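As structure tokens, the structure follows; a few thoughts come after it.
The values are calculated or read from the model by the stated rules, or taken from the named source; none is laboratory data. Because the structure is predicted, anything quoted here is derived from the model rather than measured. Methodologically, a virtual Cβ is constructed for each residue, glycine included, from the backbone with ideal geometry; neighbour enumeration extends over all protein chains shown.
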Amino acid sequence: MEDILTVYTASQYCRVSPKTIINWIDAGHIPAYKTVGGHRRIKREDLEAFMRKQGIPMPEEEQESGKKRILVVDDDPIIVETIVQALEEEEFDYEVISASDGFEAGLQVNHFKPHLLILDIMMPDIKGYDVCKKIKETEETKDTKIIVLSAYLDEEKFKKMKEYGADLCFSKPLPLPQLRQEVARLLGLST
């Protein structure tokens, strides 16, 4: 298990809801910090100390499950939070992380190895076309599904993104129910 946990991972570890973990953090029971993207992160040792103190049983070290990993890349923290929350509430138990710029996205693709990438193509330091192309050309990531988001998507850009390897394109503001449905479909979890 990782040494730095997301709220979701911590909730699985304690067998409580993510909201309960957030409440414990907000109440000062568990130390946590926020990433640049505004996501809470918890040191495993802090969580385990809290669990021991509260008498919460420790789970046996579980093997990494076959969870589908999703990386959300957008420089708008509100959009990121909305997408991450929508996907974390899904029945499929996705592991969702985010990146707020191209550099962080590159690191996360290499480290986290997402099954699916949700990418805003209009970010200051990122060229969506290049990202799609690079992911699809690299052996380890060529099977990664890519959903592109843009507030300025016309048919021509849509076609170009498809040529560079995007599986789907959505215009912002995005319809969350449709996004959830397409994510499940692309990951082979629904028809």
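Values as computed for the structure displayed
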quantity: In region 75-89, residue modelled with the lowest pLDDT [restricted to those that are within 10 Å of the chain's Cα centre (by Cα) and surrounded by 15 or more Cβ atoms within 10 Å (Cβ to Cβ)]; calculated: E88
quantity: Filtered residue count, region 161-191, keeping only those that are modelled with pLDDT under 90, in a loop (DSSP other than H, G, I, E, B) and of a type in the set (A, V, I, L, M, F, W, C); calculated: 2
quantity: Filter result for F92 (touching a residue at least 40 places away in the same chain (Cβ under 8 Å), more than 13 Å from the chain's Cα centre (by Cα) and either under 22 Å from T9 (Cα atoms) or in a helix (DSSP H, G or I) (or both)); calculated: yes
quantity: Filtered residues of region 75-89 (kept if part of a helix (DSSP H, G or I) and out of contact with any Phe, Trp or Tyr (no Cβ under 8 Å at 6 or more places or on another chain)); calculated: P77, I78, I79, V80, E81, T82, I83, V84, Q85, A86
quantity: In region 63-74, residue surrounded by the fewest Cβ atoms within 10 Å (Cβ to Cβ) [restricted to those that are in a loop (DSSP other than H, G, I, E, B) and charged (D, E, K, R)]; calculated: E64
quantity: Some residue of region 145-154 being assigned by TED's automatic domain parsing to the domain that holds F112, under 23 Å from G106 (Cβ atoms), charged (D, E, K, R) and under 17 Å from the mean Cα position of the chain (by Cα); calculated: yes
quantity: Qualifying residues in region 135-188 (those that are in contact (Cβ under 8 Å) with a residue 12 or more places away in the chain and aromatic (F, W, Y)) - the one surrounded by the fewest Cβ atoms within 10 Å (Cβ to Cβ); calculated: Y152
quantity: Residue that is modelled with the highest pLDDT, among those in region 103-146 that are assigned to a helix (DSSP H, G or I) and among the polar types (S, T, N, Q); calculated: T141
quantity: Residue match in region 18-31 (condition: among the aliphatic types (A, V, I, L, M), within 22 Å of D143 (Cβ to Cβ) and either surrounded by 20 or more Cβ atoms within 10 Å (Cβ to Cβ) or touching a Phe, Trp or Tyr at 6+ places or on another chain (Cβ under 9 Å) (or both)); calculated: no
quantity: Test: residue in region 163-181 that is over 21 Å from V80 (Cβ atoms) and over 20 Å from the mean Cα position of the chain (by Cα); calculated: yes
quantity: Residue check for D26: of a type in the set (D, E) and at pLDDT 85 or above; calculated: yes
quantity: Selection from region 116-134 of residues that are of a type outside the set (F, W, Y) and either surrounded by fewer than 20 Cβ atoms within 10 Å (Cβ to Cβ) or over 26 Å from G66 (Cα atoms) (or both); calculated: D120, I121, M122, M123, P124, D125, I126, K127, G128, D130, K133, K134
